[in-house]
Each structure stands twice: as structure tokens, then as C-alpha cells.
Amino acid sequence: MLATALTFAGLCLAAVGGSGCAVSDNDVHRWETTERGPDKLVAVVTHDKYAMPLRIESALSLVRMKPRGGRRIGTELLTSALASVSDDTRKKIVGGMAPELVKQMHQPPPKKGEQAVKDESVPFKDAAFALLQHEPSLVSDEKVRTDLAAALTQWASADFENRIENSSQQYGIEQMLRYLGGNSVRGLPALITADSLKIDRIAGLVADLGDAETKTKASDALVNLAKYIESTQWVDKETPVVKQANERAKITATPEQLKGQITKYQDQEITKVFSAMKRVGGRPVVNYVLGYGADKAHSEERRKAALAAAEGRIDPTDVEKIFDIAKNDETPDGVRDLAFARLGELKKELILPKLYSLFDNKKWKIRWVAGSLALKTLTTKSVPDFMGRLPASPAVKMGMSEPIT
């Protein structure tokens with residue numbers, strides 16, 4: 001490619017004043033659509049005989065150039081060309097390109113419902129990211145680097161739902177944000193709403209990249225979303241949607257059946273939020289899911305999903321809340337098992353006295369699970385103490401499975 005560029009440059013007429021060959025902006029723009037145009041554009045970018053404004057415009061033409069054979073080759077040609085020029089020249093070309101790249105990335109995203117391929121800002125986003133992530137980076141000016149990173153971050157947040165699925169991109173949003181780091185995900189918690197279909201992707205990025213403040217904001221947003229899904233407002237909003245789905249499917253549902261459909265739909269949506277909570281964690285999430293798990297007004301399955309979301313997220317201040325769930329006679333066994341599992345994540349000094357206090361509980365399953373968890377925390381030296389807490393006479397009953405287990 002470089003040889004082709006130099007050959008083309010050699011064929012050019014000498015320009016007046018030595019500023020380059022007789023090539024105009026019109027030529028550059030025309031070459032965006034011609035067969036040999038890419039080679040000519042690269043020649044202008046790489047050859048010192050051309051004026052700097054023309055070299056910058058040629059670089060942008062490589063970005064704007066439509067796909068060739070179904071593939072955008074402009075970005076690859078651009079980075080290769082810039083890598084071959086001197087540091088000073090590259091700095092000038094990239095600096096000249098940056099304002100247009102930023103401008104195009106700030107264009108409003110396509111209207112809702114339009115195809116993702118109509119997002120004309122994608123090539124400019126891809127080019128900006130390609131310049132930054134190239135090894136070594138093709139952006140040496142710190143201000144230009146900051147401006148491009150900020151524009152990329154804004155671009156991702158502006159239409160996250162559609163852009164994260166846009167297959168026309170050369171570089172996906174997740175790849176881009178992971179390269180840019182924590183600052184790039186600070187705006188994502190604001191996207192956690194009832195209308196979002198990508199809660200899981202947002203939660204994953206915030207969990208992996210976000211700083212403490214960003215994670216706390218996401219934690220708060222997830223709690224607010226969960227509360228909304230549990231509300232009558234959510235039911236009122238989604239009931240017509242379920243009815244319309246029934247009509248399209250030619251399903252006749254009784255009021256009771258419709259209520260069951262909505263409850264099942266609600267189960268699915270709240271479970272998705274609990275899964276996202278498990279990724280993000282945070283004190284708002286932990287407080288909410290422990291309170292949810294303790295509330296007998298919720299179904300067993302939802303309570304189990306809530307306590308599962310607290311896995312690896314609790315601290316010593318949560319002991320009493322979890323213990324209250326575990327020892328409550330009305331707690332379903334599945335929920336109780338998860339409460340004991342959360343207790344098992346804490347230091348034995350915190351939980352052993354609690355577990356021993358359950359050895360005389362009237363429900364054998366509670367005694368059994370408490371004893372099993374206690375044994376998992378003990379060393380052999382502590383076994384005599386454990387055995388001394390078991391029933392010492394026939395007056396205290398045990399279930400048949402307890403001593404066997």
C-alpha cells in the first residue's frame with residue numbers, strides 16, 4: 001500500500017511553491033467513491049509534498065468512505081498510513097481530524113425504530129477509537145486524547161440500547177468502554193430505568209469498571225427499579241401490554257388467568273433485576289434484598305432470588321437480619337437454606353454463637369441445618385464443644401436424620 005502511495009505521489013505534478021501536487025478537496029472527496037481512490041487518499045496522507053489541510057481532509061475521507069466489498073477499509077488504511085509518518089506530522093493530522101471526529105460523534109442518534117446501519121456516526125467513532133487504542137497510540141496530544149475519550153463516552157451513553165447491538169461497528173461498545181476505563185461508565189447508572197432492555201450489560205460494565213461512587217449510584221438505581229416493578233403502577237402499565245399480546249395470539253384469558261400472566265411476567269422482570277444486583281452489589285442493594293428476603297408477603301421464589309443476590313456482598317452488620325430470617329419458623333425451607341448460606345460467608349466467631357442458639361429449636365430442620373453449618377466452620381479441636389451441645393438425655397428429642405447427617 002505504501003509503495004502504491006509513493007508511486008502515485010511520484011506521478012503528481014509539482015505544486016506551486018512546493019506545497020504538493022495539484023490535488024484539491026474536490027479530488028479527495030471524489031476519491032472516496034472511486035476504485036483506486038483509497039490508494040490515492042493514503043498517498044496524500046503520507047506524502048510530505050501535500051499541504052497539511054489537504055492531508056487532514058484526505059484522512060477524514062478515509063473515515064467517511066463507504067464500505068468496500070461489505071467491509072469498511074478506511075479505518076485500517078488510515079491507522080496504517082498514520083503509523084508510517086513522522087511523529088510531528090501525525091500529531092498535526094490527528095489534531096486536525098479531532099474536531100470533526102468529535103463533532104460527528106455528537107450528532108443525535110437515529111430516531112427510535114430506524115435501522116442501526118443508519119447511524120452515520122459509527123465510522124467516526126470507530127476511527128477515533130482506532131487512533132486511541134493503536135499500539136503505540138496514534139494520539140500524542142493529551143488534550144486531543146481527552147477530547148476523543150470524552151466524545152466516545154458520550155456517544156456510548158447517548159443511545160446505549162441500540163448502539164451496543166449495532167453490528168456495523170468495527171469496535172463494540174464493551175471493548176471501547178473497557179479500554180477507556182472507569183470514567184467511561186459514570187453515566188450508565190442513569191440508564192437503569194424501567195424502559196431499559198440492557199440492564200444486565202449495564203450492570204456488568206459498572207461492576208467491572210465503575211468506581212465506588214458509580215457503583216453506589218447503580219445500586220440505588222437498581223433498588224428503585226425493583227420497587228417500581230413491585231408497585232401497582234407497574235402492574236397498571238403492563239396489564240394492557242399483556243392483554244394486547246393475548247389478542248395478537250388469539251388467547252382468551254379470564255381475569256384470574258390474566259392476573260397469573262402478569263404475576264409471571266413480574267417474576268421474570270424482578271428476577272432480572274436481582275441478577276443485576278448480584279453483579280453490582282452495594283449497600284443499597286444489600287439492605288433491600290435482605291429486607292425483601294425477610295418479607296413473607298413475597299413468594300418463596302422471589303425471596304430466594306433476593307437472598308441469592310446478596311451472595312458475597314454482606315458484612316458483619318448484616319448478621320442479625322440474616323439470622324432472623326434463618327430462625328423464623330415461618331420461613332420456607334428454600335429461603336432458610338439461602339439465609340444459612342449467607343451466614344456461612346461470615347467469620348465463625350460471628351455466627352457460631354447464633355448457630356448454637358438454634359440447637360434447641362423445635363423444628364428439626366432448623367437444628368439440622370444450623371448444626372451442619374456449625375460443623376463446617378469448626379476444627380477438630382472444637383468437636384468436643386459441639387458434641388457437648390447436643391441432647392444429653394432422652395427427654396430432648398432429635399430427628400432421625402440429625403445424628404446420621
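The values are calculated or read from the model by the stated rules, or taken from the named source; none is laboratory data. Keep in mind that this is a model prediction, so the values were computed, not measured. Cβ placement follows ideal geometry from the backbone for every residue including glycine, while neighbour counts extend to all protein chains displayed. Calculation scope for accessible area: heavy atoms of the full protein, side chains included, ligands and nucleic acids excluded. Shrake-Rupley method; radii C 1.70, N 1.55, O 1.52, S 1.80 Å.
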### Query
When the chain is modelled as a GNM with alpha-carbon springs shorter than 10 Å, which of Ser382, Ser372, Ser299 fluctuates the most?
Ser382
### Message
No solvent, one uniform scatterer per C-alpha: report log10 I(q)/I(0) for region 30-83 via the Debye equation at q = 0.27, 0.29, 0.31 1/Å, two decimals.
### Response
-1.07, -1.21, -1.34
### Task
Take the alpha carbon gyration tensor of region 345-397, find the square roots of its eigenvalues, order them as a ≥ b ≥ c, and report rounded if a/c is under 1.5; if not, report prolate when a/b exceeds b/c, else oblate.
oblate
### Cα gyration tensor shape of region 174-216, rounded if a/c is under 1.5, else prolate or oblate by comparing a/b with b/c
oblate
### Task
Kindly identify region 140-285 as rounded, prolate or oblate by the Cα gyration tensor criterion: order the square roots of the eigenvalues as a ≥ b ≥ c, call it rounded if a/c is under 1.5, otherwise compare a/b with b/c, prolate if a/b is larger, else oblate.
prolate
### Summary
Phi-derived 3J(HN,Hα) across region 176-186 with the Karplus relation (6.51, -1.76, 1.60, θ = phi - 60°), rounded Hz, x for Gly and Pro, is 5, 5, 5, 6, 6, x, x, 4, 6, 10, 5
### Summary
From most to least accessible, 1.4 Å probe, no ligand or DNA/RNA atoms counted, Arg302, Arg186 line up as Arg186, Arg302
### Query
How much of Ile56 can a 1.4 Å solvent probe reach, expressed as accessible area in Å² and rounded to 10?
30
### Share of carbon and sulfur in the accessible heavy-atom surface of the chain [1.4 Å probe, %]
54
### Task
Please report Rg over Rh for region 245-364, where both radii come from the alpha carbon positions and Rh follows the Kirkwood definition.
1.10
### Query
Where the only charges are on Cβ atoms (+1 Lys, Arg; -1 Asp, Glu), what is the dipole of the chain about its Cα centre, to the nearest 20 debye?
800
### Summary
Cα-based Rg then Dmax for the chain, in Å, read 31.3, 112
### Message
Let me see the P(r) profile for region 101-194: every Cα-Cα distance counted, bins of 10 Å, each bin given as a percent of all pairs.
### Response
16, 52, 27, 4, 0
### Query
Lys347 versus Arg64, label points 7 Å from Cα toward the beta carbon: distance in nm?
6.6
### Query
³J(HN,Hα) across region 196-207 via Karplus (A = 6.51, B = -1.76, C = 1.60, θ = phi - 60°), whole Hz, x for Gly/Pro?
6, 9, 10, 4, 5, 5, 5, 4, x, 5, 5, 4
### Summary
quick shape note, region 324-370: Cα extents on principal axes in Å, largest first -> 26, 21, 16
### Query
Viscosity 0.692 mPa s, temperature 37 °C: Stokes-Einstein D of region 311-405 from its Kirkwood Cα radius, in µm² per second?
238
### Query
Got the relative contact order for the chain handy, in percent, Cα pairs under 8 Å and 6 or more residues apart?
8
### Task
Tell me what the chain gives for mean residue ellipticity at 222 nm when only DSSP H runs of n ≥ 4 count, each as -39,500 (n - 2.57), the sum divided by the residue total, rounded to 500 deg cm²/dmol.
-19500 deg cm²/dmol
### Query
Can you work out ³J(HN,Hα) from phi for every residue in region 61-74, in order, using Karplus 6.51 cos²θ - 1.76 cosθ + 1.60 and θ = phi - 60°, giving whole Hz and x for Gly and Pro?
5, 4, 5, 6, 3, 5, x, 10, x, x, 10, 7, 9, x
### Task
Under a cut-off of 15 Å between alpha-carbon atoms, report the aspartates and glutamates in cross-link reach of Lys215, not counting same-chain residues fewer than 8 places apart.
Asp200
### Query
Size of the dipole of region 268-405 about the Cα centre, Lys and Arg at +1 and Asp and Glu at -1 on the beta carbon, nothing else charged, in debye to 20?
160
### Those lysines that a straight Cα-Cα span of less than 18 Å connects to Lys112, excepting residues fewer than 8 apart in one chain
Lys198
